[in-house]
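Read-outs: derived from the displayed coordinates by stated rules, not from any lab. Everything numeric here is computed off the predicted structure, so don't read it as measured data. Reconstructed Cβ throughout: ideal geometry from the backbone, glycine too, with neighbour counts over all protein chains shown.
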Amino acid sequence: MTLLHARTLNALGLLGCCAILLVAFGCQFALGELPCPLCLLQRAAFAASGVGFALNVRFGPRPSHDGIAILSAIAGAAVAARQVALHIVPGTGGYGATLFGLHFYTLALIAFVALIGAVGVLLLIADRVRPEPLVGRGAGTFGTACLVLFLGVVVANAVSTAAECGTGLCPDDPTRYEALDAWLGR
């Protein structure tokens, strides 16, 4: 495997993190459902996992970058598992909308486990990456596009979170954008 192949695989992982964050962000506005604090922590964990992929795309694959992705995914899986456990008791119902019949936090748990497995595979094949001394030093067009998209998605989520929570703690069951309401004097 060449360095370009390794960067492309990491760019695809980064694109997967972007897709998850974009779906969550899109549903937030399309369905009018603000994310709860646990949902925000899961989004942060996907963003942190994406940082590991982004570092691999930009600087080349390194185990330390993969460690960032794995540790972030473990933290995210723990938060998602906690949220699943909160709603697993019969009669408690779920929180928020569903996609493919599963709540977003259940899908997040599945995605975090899949992400851990994918990074594990990348680690297994990383020692087979052949160095290319003069070729493939940059992220490439696809990798750069993924990096720019990731940065945009993370910034948009950060702005949305700041608007939702304001300067205080995020509400357990958010119904409005606290900072926007304060700014508009509502």
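The residues packed around Leu38, meaning those with a beta-carbon under 13 Å from its beta-carbon, carry a net charge of 0 if Lys and Arg are +1 and Asp and Glu are -1. I'd like the chymotrypsin sites (Phe, Trp or Tyr not before Pro) in the range 44-144 restricted to DSSP loop residues with at most 13 other Cβ atoms within 10 Å, sorted by number. When the chymotrypsin sites (Phe, Trp or Tyr not before Pro) of the range 44-144 are filtered for loop state and at most 13 Cβ neighbours within 10 Å, Phe100 remain. Value of Rg to Rh for the chain, rounded to two decimals, is 1.03; Kirkwood radius and Rg both from alpha-carbon coordinates.
Packing around the peptides 115-122, 37-44, 170-177, taken as the average count of other Cβ atoms within 10 Å per residue, puts them in this order, highest first: 37-44, 115-122, 170-177.
Between the residues Thr167, Ala97, Asn157, the greatest Cα displacement towards the positive end of the dipole of the chain, with unit charges on the Cβ of Lys, Arg, Asp and Glu, is found for Asn157. Summing Lys and Arg as +1 and Asp and Glu as -1 over all other residues whose Cβ lies under 15 Å from the Cβ of Phe53 gives a net charge of +2.
The helix-only estimate of mean residue ellipticity at 222 nm for the chain, built from DSSP H runs of length n ≥ 4 each weighted as -39500 (n - 2.57), is -24500 deg cm²/dmol after division by the residue total. Simple rule: put +1 on each Lys or Arg Cβ and -1 on each Asp or Glu Cβ in the chain, find the dipole, and look at Leu180, Met1, Ile68; the Cα lying farthest toward the positive end is Met1. Helix 104-126 versus the longest principal axis of the chain: what angle, 0 to 90°, nearest 10, using Cα atoms? Approximately 10 degrees, to the nearest ten.
For the chain, the longest principal axis of the C-alpha atoms and the axis of helix 37-59 are separated by about 20°. In this Cβ point-charge picture (+1 for Lys and Arg, -1 for Asp and Glu), the chain has a dipole of about 560 debye about its Cα centre.
Would you be so kind as to identify which of Asn56, Ala24, Leu115 lies farthest towards the positive end of the dipole of the chain, taking Lys and Arg as +1 and Asp and Glu as -1 on Cβ and the Cα centre as origin? So the residue we want is Asn56.
Pick out which of Ala156, Ala78, Ala30 has the largest mean-square fluctuation in a Gaussian network model of the chain, springs linking Cα atoms closer than 10 Å. Largest GNM mean-square fluctuation: Ala30.
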